[in-house]
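Below is one structure, written out as structure tokens, with a few remarks after it.
Please treat every number below as a calculation from the coordinates, not as lab data. Bear in mind the structure is a predicted one, so any value in this text is a computation, not a measurement. Heads up, the Cβs are rebuilt from the backbone with ideal geometry, glycines too, and the neighbour counts pull from every protein chain shown.
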Amino acid sequence: MQTEKRKFPLSLIFIVAALILLLVMPTFADRRTLNIAILTLMYIVLGESWNLLSGMAGLFNIVPAMFFGLGAYCMTMTTTRAGMPWIAGLFVGLLVNGSMAALVGFIGSKLSGLYFTMALIGLYQAIYAIMVQWQTFSGGYMGLSMPKRYLLSKPQQYYIVLALAILSMLLFVAVRRHRVGTNFVALKENPDLAISLGSNIHGWRIFATILSAWVSSVGGAFYAFFLMATTPPVFASSISLKTIMVVMVGGVGNVFGPVLGSFMVVLDEIIRGVMPSKFAAFSVIIYALVLVVMALMRPGGLITFFVKKNPGFTIGDTLLDAIRIDKKRRV
């Protein structure tokens, strides 16, 4: 009896080849290309963060730049004002963002839809106003500069954000395959069933918000090293728009969605580099056109070119997973 030979997955070959290319990129890329690559990878991190909360758990975060900006400010203020090492700034950012996310998650457990969005925007505006007006604390419009000892070369920045992007993707996959991810999807697709099975949807929403905020906080901390300064524009709506666009164009709820949608960041940087500075803002029009075309042609995102559906993200699959978990608990 002849054993059947297993075919090596073509997708795995492509992933390995892409990873090798990314690892050797700093050896042949110029400074501008590396800058674009760094920003693209950073938005993959932010995209995976938004995907955890909005794509998996179903809480639509319209201002993801809030957690991102807090992470950047915590890193800068801890290292500059307090003179503490960068690792302390990272943990302070996680602590502050975790506390803020718990508040946002609590709001999300009490409000939904438009009311949740309005409350989130109000909280975001309050934080932004504090960072702008409280000059002795945050530096106001001038912001704060990072200590010069933390100045990194472009290849160093690139490899750091590449590692962060890979880790954020692995985290998304790990959460989705765990019971935690099943609960996230259940409260998104059918919260009534989740409640009937004994799931604490309020607690899971708070946890999903905290997890998402932590990933954004790490991305913001890296951005402080990238710019060597933090100013109020880290809370800009353009950052929130790009983060959401990257996921929606690539494919919501799929780990490769932000990767595919990250071409939007590359497109934006190329347009800004080619067009005169006074026309650079018109890149928003390109965003709008791409979003309209994708909504009409591929509402599921670019990921639908490669997979017909996202396993585990249909109501039927969610119900089966929830029933299996419930049976295991009873046993």
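Structural remarks
- Sites Ala102 and Ala126, calculated FRET efficiency, Cβ-Cβ separation with R0 22 Å, nearest 0.05: 0.85
- Label zone (Phe306, point 7 Å along Cα-to-C-beta; backbone nitrogen cut-off 19 Å) within the range 155-199: 162-177.
- Largest GNM mean-square fluctuation among Tyr159, Tyr223, Tyr115, using the chain with Cα springs under 10 Å: Tyr115.
- Inter-part distance where the range 28-102 and the range 175-192 are each reduced to a Cα centre, Å: 24
- Mean separation of Cα contacts under 8 Å, 6 or more apart, over the residue count of the range 133-275: relative contact order %: 28
- Extent along the principal axes, Cα only, for the range 51-98: 39, 15, 12 Å, with the longest axis given first.
- Most mobile listed residue (Ala221, Ala129, Ala18) in the chain, GNM with C-alpha springs under 10 Å: Ala18
- Relative contact order of the chain, pairs being alpha-carbon contacts under 8 Å that are 6 or more residues apart, as %: 29
- For the range 81-187, fraction of C-alpha pairs farther apart than 18 Å, in %: 71
- Gain on full extension, evaluated as 0.36 nm per residue between Leu296 and Lys148 minus their Cα-Cα distance, stands at 48.4 nm.
- Dipole magnitude of the chain about its Cα centre (Cβ charges: Lys, Arg +1; Asp, Glu -1), debye to nearest 20: 540
- Extension gain, Ile195 back to Trp134 (0.36 nm per residue minus Cα-Cα distance, nm): 17.6 nm
- FRET E, pair Leu21, Thr117, Förster distance 35 Å, beta-carbon r, rounded to 0.05: 0.35
- For the chain, a Gaussian network of Cα nodes joined below 10 Å ranks Ile62, Ile38, Ile87 by mean-square fluctuation, and the top entry is Ile87.
- Once the Cβ-Cβ distance of Ile160 and Ile270 is raised to the sixth power relative to R0 = 30 Å, the FRET efficiency obtained is 0.80.
- Each Cα pair under 8 Å and six or more residues apart adds its separation to the average, and for the range 22-95 the resulting relative contact order is 18 percent.
- Three-way shape label, the chain, alpha-carbon gyration tensor, a/c 1.5: oblate
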